[in-house]
Amino acid sequence: MAAVTVSLPPQPQSTIPVSRKTRPVARVSLASLTPNNLGTLRKLNSVLFPIRYSEKFYRQVLEPELEEFCKLIYYNDIPVGAVCSRIEKGQRPDEACVYIMTMGVLAPYRSLGLGSTALRQVFAAATKYNSSISSAPATTNSTTSTFNPSQRKITSIYLHVHVPNTDARTFYERFGFVEKERIAGYYRKLGSTDGAERDAWVLERPVDEEPK
């Protein structure tokens, strides 16, 4: 695998004392993914996560229907994180769910509320999606078995959390996520000799629940 050279943005601190009254307000924004900024997402992922994502992943996050579910996170106009989600089949034929594929913020920019902002964006996107779907019955292409979520209400949001990452679990639990199951060896590509170190929790929350 070719090495990727990444220049990390500067630490979000200043060495110049600033009084409380004159301290500038940080600019936090979310940007939709486009072919022009997809390279930024690639670089962030190479730093944030220990695995390499496929080209299918990067094609999927550009799908128009996922625009509100896949965002770059900017802090003072610097890209410092991202959230990427997709829509999947739900447990019932008339339901869909959101799977958060990745969500991460560069270490120097954590504890600034950026992850919370990104997560609330996913909640808002699911709510907006549900309000926009028509009342027509859901359909599935029986020939190709392609899932068409356009008429299915999103009822839940879920994700996988690496078992050693207890801080991440605590973060998601603050937003109403609960453990649904533990999958042994889910992160098998990490190459750990300890099997438990490759396990994942599946955390889930209902969309109808009010975010905290």
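The values are calculated or read from the model by the stated rules, or taken from the named source; none is laboratory data. Model, not experiment: these values are computed from the prediction. Cβ: placed from backbone, ideal geometry, glycine included. Neighbour counts: every protein chain shown.
Taking residues in segment 161-177 that are modelled with pLDDT under 95, and partners anywhere that are part of a loop (DSSP other than H, G, I, E, B), the pairs with Cβ atoms closer than 7 Å and at least 6 places apart or on different chains are His162/Tyr187; Val163/Asp199. Screening Arg59 with (1) farther than 20 Å from Val161 by Cα; (2) touching a strand residue (DSSP E or B) at 6+ places or on another chain (Cβ under 8 Å); (3) not small (Gly, Ala, Ser) gives one miss only, at (2). Among the residues of segment 63-79, are any in contact with a helix residue (DSSP H, G or I) (Cβ under 9 Å, 6 or more places away or on another chain) and loosely packed, with under 14 Cβ neighbours inside 10 Å? Yes; the residues of segment 63-79 include at least one that is in contact with a helix residue (DSSP H, G or I) (Cβ under 9 Å, 6 or more places away or on another chain) and loosely packed, with under 14 Cβ neighbours inside 10 Å. The single residue among Arg152, Arg182 that is out of contact with any helix residue (DSSP H, G or I) (no Cβ under 6 Å at 6 or more places or on another chain) and either modelled with pLDDT of 95 or more or surrounded by fewer than 16 Cβ atoms within 10 Å (Cβ to Cβ) (or both) turns out to be Arg182.
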